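The next block holds one structure in the form of structure tokens; read it before the comments.
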Amino acid sequence: MQLGLMNNPSRDPLKEIVRIADMGFDFVDLTLEPPQARADRVDAAKIQAALAQRGLGVVGHTAYYLPLGSAFDAVHAGAIAEAEQCLHVFAEIGATQMNLHLDCRVPGHDISFINRRNVEAIERLLPTARRLHLDIGHANIRAVKSNTVSLLARYADRLRHVHVSDNKGRGDDHLAIGAGTIDWKRELKTLKATGYDGTITLETFYGDSDLILYSRDKVKRLWKNL
């Protein structure tokens, strides 16, 4: 298992690479989004060199608010174009996988329309996105019980990348591991039982560095002892 951390897009990505390496992570979950890490403004060659210098791996991440489901054709096309730009940058720096957030914010339209627009966007990007990404935090939102077990039962053979963060079941809080209601021993045991041993991104966004390090160590300890 390799454990990574996402960069803060409001900071210089080169400085973020140094910070993440100094915290002892294995890879950077590199999000390409404003204000400091927009795909058309970053220097891919410098990012690749910084990663190599620090011995870090990398996976790609796109902004969660790309309007891939938009009912406006021009906006929909623009979101796809932005995701394609991200793909080009990730290819340059050597990333082989990219996270893409679906867009459900389409007022006035039913779920079938929203699903179709997202699928249309994904189909444009499909040649580079053949496998599945699981966010354990998302699987716990508005669920009587976390959906991780059922998702893995159905899709484990396609799993390529994992995100972990805690929440209290109501929203995507991105809390430190153990600060919410997720049963991390059960979730990680289920994940490990599938044979998965790939990249896991820690998406703890709130609190100081001590909470990030605590979450890092807790995930590593649980994984090792399961």
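At-a-glance table
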read-out: R0 of 22 Å, Cβ-Cβ distance Ala45-Arg124: FRET efficiency to nearest 0.05; value: 0.25
read-out: The stretch 1-100: chymotrypsin sites (Phe, Trp or Tyr not before Pro) falling in loop per DSSP and having at most 13 other Cβ within 10 Å; value: Tyr64, Tyr65, Phe72
read-out: Theoretical ellipticity at 222 nm over the chain - DSSP helices of four or more residues, -39500 (n - 2.57) apiece, nearest 500; value: -13000 deg cm²/dmol
read-out: Calculated P(r) tail over 18 Å for the stretch 1-129, as whole % of Cα pairs; value: 53 percent
read-out: Relative contact order %, the stretch 131-226, counting alpha carbon pairs below 8 Å whose residues are six or more apart; value: 28 percent
read-out: Prolate/oblate/rounded label for the chain (Cα gyration tensor, a/c 1.5); value: oblate
read-out: Whether the stretch 131-226 is rounded, prolate or oblate, judged on the alpha carbon gyration tensor where a/c under 1.5 counts as rounded; value: oblate
read-out: Computed E for Gln85/Ile111 - FRET, C-beta separation, R0 30 angstrom, nearest 0.05; value: 0.60
read-out: FRET efficiency estimate (nearest 0.05) - Cβ-Cβ, Asp73 to Ser10, R0 35 angstrom; value: 0.70
read-out: Student exercise, the stretch 1-129 dipole from Lys, Arg, Asp, Glu Cβ charges, in Debye to nearest 20; value: 220 debye
read-out: Nearest-20 debye value, the stretch 172-215 charge dipole, Cβ charges on Lys, Arg, Asp, Glu; value: 320 debye
read-out: Dipole of the chain, positive end: most advanced residue of Thr190, Phe113, His88 [Cβ charges, Cα centre]; value: Thr190
read-out: Entries of Lys46/Lys145; Lys168/Lys220; Lys46/Lys224; Lys145/Lys218; Lys15/Lys145; Lys15/Lys189 with Cα pairs more than 32 Å apart; value: Lys46/Lys145; Lys46/Lys224; Lys15/Lys145; Lys15/Lys189
read-out: Exposed trypsin sites (Lys or Arg not before Pro) absent - longest run of the chain, DSSP non-H/G/I/E/B, at most 15 other C-beta within 10 Å; value: 42-104
read-out: Added length on full extension, which subtracts the Cα-Cα distance from 0.36 nm per residue, Asp217 to Ser150; value: 21.5 nm
read-out: Distance between modelled label sites at Met23 and Ala143, nm, 7 Å Cα→Cβ extension; value: 2.5 nm
read-out: Percent RCO, i.e. relative contact order, over the chain, from Cα pairs under 8 Å lying at least 6 residues apart; value: 18 percent
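Read the figures in this text as sums done on the coordinates, not as results from a lab. All values derive from a computational prediction rather than experimental measurement. Positions of Cβ are backbone-derived with ideal geometry, glycine not excepted, and every protein chain shown enters the neighbour counts.
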